[in-house]
Amino acid sequence: MKILSAQQLAEADKSTIDKQQITSNDLMERVATLVFERIHQRLNGAPVPIKIFCGIGNNGGDGLAIARHMIQHGYHVTVYVTNCSKKRSPDFLINYDRIKDVTKDWPILLSCKEDFPEISSQDIIIDAIFGTGINRALEGWMADLIHYLNDSKTFKVAVDMPSGLYANTPHSKEDAILKVDHTFTFQTPKLSFFLPETGNYVGSFEVINIGLDPEYMMQAAPLAQVISKEAAQNMYQPRKKFTHKGNYGHVLTFAGSKGKMGAAVLSASASINAGAGKVTAYIPEDGNLVLQSSVPEVMTIQSRGEDYITDFEHSLIDTVLCIGPGIGTEKDTCSAFAKALKEQTTPVVIDADGIIILAQQPELLKDVPKDSILTPHDGELKQLLGEWKDDYERLEKAQEFSKENDVILVLKGAHTITVAGSSQYVNDTGNPGMATAGSGDVLSGIIAAFLAQKYDPLTATVFAVYIHGASGDLAAQTYAHEGLKASVISNFIGASVLQLFRNPQQQQEQQRN
């Protein structure tokens, strides 16, 4: 699913109106009907007080049209209009006039703080003040209204966008932005929905297909793409009957040090669980017993160092190198890391301490093979890229780094974003329970396993991120968020692949069992 900019969505609206030979108000009515139907499905005529706050632009017009449908279906609706300017959009005025056909209670105009209505915790607020067209921070009593609504304990729903939030540009920490519980957004999700600084304003969200011009939508170059289940299904490479372990590749996991052998165990076991034909762990001498007893399927090669890896002596022909989890940054380890990079010519997976070493010794970047995958969390990313002002600059810096060094960056988070040059892929699987030690080691092992199975580097990365999150989601159904640990996530990798191809009825039966 594409993520488009606010400007592109405005162009899509215009193209739709021209090609479908409808008016802008016809499109607004279509939108309002679809939003109303989804609200009606949830409330089913419940006699709850509903307060709809409308702006005086097209988002406000949407709100007025939604209000009209709700009143016609017997809902207890009060409509408020933010009378902040004399400039009203034509479609707002049409719907402002139409609402008088269904109620004698005209919308209440708000012009100052003294006009703010009393709000009960039993109310439902529908926000239709500002949509994607907003281009500056709210000020004066309009900002006060947003703060006032935020202070209320009521359930809040946004129409297309929470008021005050930009679709794809940064905002200041002081900006007034409505924080809602659920957002009905139109045609595509917005980039701001997936970023840490802005995503919390959106709550859960639902994308409503409002029938925008399919030709425009197909040709539009996206800001990013959200990886759906259908997309993940298309990435999967099924196995053929007459094959053997050699057909599914060899992963060499260069990982672990004293006190951090768990990182090696997690990464190597994840590669096995994700289908690598063979996995070898290159580890410190004293880590051998840990690996052999924890993951009997994994072979080991011991470095001469007892507590940490001090050297690298191994052929990397036909081998995918996964390097960095738990290795530390000892001088000898850094030298062994550098040697391993120089000897590998195919894409490698670099995680954790491997990224720290690259940040400390940037001259080593020239030895990182093209299309290698780096999987930093934000702390490691800052060491690699430097500080950023906001989430959008973070993405810009990541794109520049990716282009300059011909690598793929995996920006881990609630919505992990894979950056490959100017392309961005947003993941929508996973849950807060995955914020646990070792989860990233599991991800690096999954990526390496898919590389070993001859997925191209970008597909291996995006698919691995999806499966990693899906494994966490499945595991959470049994263990809850609080009970998740990295090894549990790893053990659900196979189940998450199966889940890709289960229909909804099969999924429900599985959950009941």
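Please state which one of 353, 378, 332 is surrounded by fewer than 19 Cβ atoms within 10 Å (Cβ to Cβ), modelled with pLDDT of 95 or more and over 16 Å from the mean Cα position of the chain (by Cα).
Just a single option satisfies the conditions, and that option is 332.
Any residue that is more than 20 Å from residue 176 (Cα to Cα), open to solvent by 10 Å² or more (accessible area, probe 1.4 Å), among the hydroxyl-bearing types (Ser, Thr, Tyr) and modelled with pLDDT under 95 - is there at least one of those in segment 105-117?
Scanning segment 105-117, I find no residue that is more than 20 Å from residue 176 (Cα to Cα), open to solvent by 10 Å² or more (accessible area, probe 1.4 Å), among the hydroxyl-bearing types (Ser, Thr, Tyr) and modelled with pLDDT under 95, so the answer is no.
Under 8 Å between Cβ atoms, which residue pairs at least 6 apart in sequence (or on different chains) link something in segment 429-456 that is of a type in the set (Lys, Arg) with a partner that is outside any helix (DSSP H, G or I)?
454/237; 454/249
Just one of the numbered conditions (1) open to solvent by 70 Å² or more (accessible area, probe 1.4 Å); (2) in contact (Cβ under 8 Å) with a residue 24 or more places away in the chain; (3) closer than 29 Å to residue 317 by Cβ; (4) not hydrophobic (A, V, I, L, M, F, W, C) is not true of residue 258; which one?
All conditions are met except number (3).
Among the listed residues 20, 7, identify the single one that is out of contact with any helix residue (DSSP H, G or I) (no Cβ under 6 Å at 6 or more places or on another chain) and under 23 Å from residue 166 (Cα atoms).
7
Given the conditions (1) open to solvent by 40 Å² or more (accessible area, probe 1.4 Å); (2) closer than 20 Å to residue 134 by Cα; (3) modelled with pLDDT of 95 or more, and given that residue 161 satisfies all but one, which numbered condition is not satisfied?
(1)
Please count how many residues of segment 102-147 are polar (S, T, N, Q) and under 29 Å from residue 5 (Cα atoms).
Selection size over segment 102-147: 2.
Only one of these conditions is not met by residue 213: (1) surrounded by fewer than 18 Cβ atoms within 10 Å (Cβ to Cβ); (2) touching a residue at least 40 places away in the same chain (Cβ under 8 Å); (3) among the acidic types (Asp, Glu). Which number is it?
Against the list (1) surrounded by fewer than 18 Cβ atoms within 10 Å (Cβ to Cβ); (2) touching a residue at least 40 places away in the same chain (Cβ under 8 Å); (3) among the acidic types (Asp, Glu), residue 213 comes up short only on (1).
Does residue 323 fit the bill of being in contact (Cβ under 8 Å) with a residue 60 or more places away in the chain and farther than 28 Å from residue 499 by Cα?
Criteria met by residue 323.
Might you check whether a residue that is in contact with a Leu (Cβ under 6 Å, 6 or more places away or on another chain) and at pLDDT 95 or above occurs anywhere in segment 179-189?
The answer is yes; a qualifying residue exists.
If I ask for residues that are in contact with a helix residue (DSSP H, G or I) (Cβ under 7 Å, 6 or more places away or on another chain) and at pLDDT below 95, which ones from segment 197-250 would you list?
Within segment 197-250, no residue meets the criteria.
What single numbered condition from (1) open to solvent by less than 50 Å² (accessible area, probe 1.4 Å); (2) of a type in the set (Gly, Ala, Ser); (3) within 16 Å of residue 254 (Cβ to Cβ) fails to hold for residue 274?
Condition (3) is where residue 274 drops out.
List the number of the failed condition for residue 373; all other conditions in (1) over 30 Å from residue 228 (Cα atoms); (2) buried (at least 16 other Cβ atoms within 10 Å of the Cβ) hold.
(1)
Could you run through segment 175-189 and say how many residues are outside any loop (DSSP other than H, G, I, E, B) and without any contact (Cβ under 8 Å) to a residue 40 or more places away in the chain?
3
State yes or no: is residue 194 within 16 Å of the chain's Cα centre (by Cα) and of a type in the set (Phe, Trp, Tyr)? I'd like the intermediate steps shown before the answer.
Working: within 16 Å of the chain's Cα centre (by Cα): yes; of a type in the set (Phe, Trp, Tyr): yes.
It is true that residue 194 is within 16 Å of the chain's Cα centre (by Cα) and of a type in the set (Phe, Trp, Tyr).
Kindly establish whether residue 98 is surrounded by 14 or more Cβ atoms within 10 Å (Cβ to Cβ), among the basic types (Lys, Arg) and over 36 Å from the mean Cα position of the chain (by Cα).
Criteria met by residue 98.
Pick out, from segment 218-317, the strands (runs of 3 or more DSSP E) lying fully within it that include 2 or more residues that are in the same structural domain as residue 488 (by the TED database) and either among the charged types (D, E, K, R) or over 30 Å from residue 194 (Cα atoms) (or both).
250-254, 278-283, 299-302
Can you tell me which residues in segment 444-479 are polar (S, T, N, Q) and more than 12 Å from residue 373 (Cβ to Cβ)? Let's see the steps before the verdict.
Residues of segment 444-479 that are polar (S, T, N, Q), as a first pass: 444, 453, 459, 461, 471, 477-478.
Listed by number, the residues that qualify are 453, 471, 477, 478.
The values are calculated or read from the model by the stated rules, or taken from the named source; none is laboratory data. The model shown is predicted, which means the values in this text are computed figures rather than measured ones. Using ideal geometry, Cβ is built from the backbone for each residue, glycine included, and neighbour counts are taken over all protein chains shown. Heavy atoms of the whole protein, side chains included, go into the accessibility calculation; ligands, DNA and RNA do not. Shrake-Rupley method; radii C 1.70, N 1.55, O 1.52, S 1.80 Å.
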